[in-house]
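The values are calculated or read from the model by the stated rules, or taken from the named source; none is laboratory data. Everything quoted here is computed from the prediction, not taken from an experiment. Cβ placement follows ideal geometry from the backbone for every residue including glycine, while neighbour counts extend to all protein chains displayed.
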Amino acid sequence: MPVIGNMAMDEITVQDILQVLEPIWHTKTTTADRVRDRIRTIFDWATVKGHFDGRNPAAWQGNLKFILPSPSKIHKVEHKPALSITDAPTWFSHLRERHELRARALEFLALTAVRNGEVLGATWDEVQDDMWIIPADRMKMKKEHRVPLTVAAQALLDDLPRT
């Protein structure tokens, strides 16, 4: 907002976009690239709707890529270690030794392969026999999601208190 927030779209230049991005490009690269992409999308929308006629000052290709270093060269992606399939039985065994509800939630998450928000917001009325029906309003895509429950997932739920 401080740089381009009060400017008309046809007044915004590549230099203005750089003023927005450069302060965070090297320190918050992912955020800066998302900001750049959102600005680019706004200009693309405005062009299609006939509100802007000109070169998109936030475009990466043929534009900012010649001025700013590539995000992939600044911010190296650090992948988190994954659990190998051969280690899964040991992991589940250790998890089952823990008696906290959060351990059961993590186990249920692993057994159902849903997002953690769906597990944390689950209610008993969503479970019907061997099916967990997550309502659309709790799903990212706003569509009802039906999760078949394995025997292990059903057993885990059977052992939980109905609170």
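Taking the range 93-107 as the range and being surrounded by fewer than 12 Cβ atoms within 10 Å (Cβ to Cβ) and of a type outside the set (S, T, Y) as the test, the residues that pass are H94, E97, H99, E100, L101, R102. Identify all residues within the range 31-44 that are in contact with a helix residue (DSSP H, G or I) (Cβ under 7 Å, 6 or more places away or on another chain) and surrounded by fewer than 17 Cβ atoms within 10 Å (Cβ to Cβ); write none if there are none. Within the range 31-44, just T31 meets the criteria.
For A110, the conditions (1) more than 18 Å from L83 (Cβ to Cβ); (2) surrounded by 12 or more Cβ atoms within 10 Å (Cβ to Cβ); (3) touching a Phe, Trp or Tyr at 6+ places or on another chain (Cβ under 8 Å); (4) of a type outside the set (S, T, Y) are fulfilled apart from (1).
Note on the range 144-163: residues that are assigned to a helix (DSSP H, G or I) and surrounded by 10 or more Cβ atoms within 10 Å (Cβ to Cβ) total 6.
Scanning for something free of Cβ contacts under 8 Å to residues at least 24 places away in the same chain, outside any loop (DSSP other than H, G, I, E, B) and farther than 30 Å from L21 by Cβ, does the range 76-87 turn up at least one residue? No - not one qualifying residue is present in the range 76-87. Quick one: which of G54, G62 is exposed (fewer than 10 other Cβ atoms within 10 Å of the Cβ), small (G, A, S) and either in the same structural domain as E22 (by TED's automatic domain parsing) or within 25 Å of E22 (Cβ to Cβ) (or both)? Only one candidate passes the filter, namely G62. A single entry from T90, T47 fulfils the requirement of being loosely packed, with under 13 Cβ neighbours inside 10 Å, among the β-branched types (V, I, T) and at pLDDT 95 or above: T90. Might you check whether a residue that is in a loop (DSSP other than H, G, I, E, B) and more than 30 Å from A32 (Cα to Cα) occurs anywhere in the range 53-67? No, there is no match, as no residue in the range 53-67 is in a loop (DSSP other than H, G, I, E, B) and more than 30 Å from A32 (Cα to Cα).
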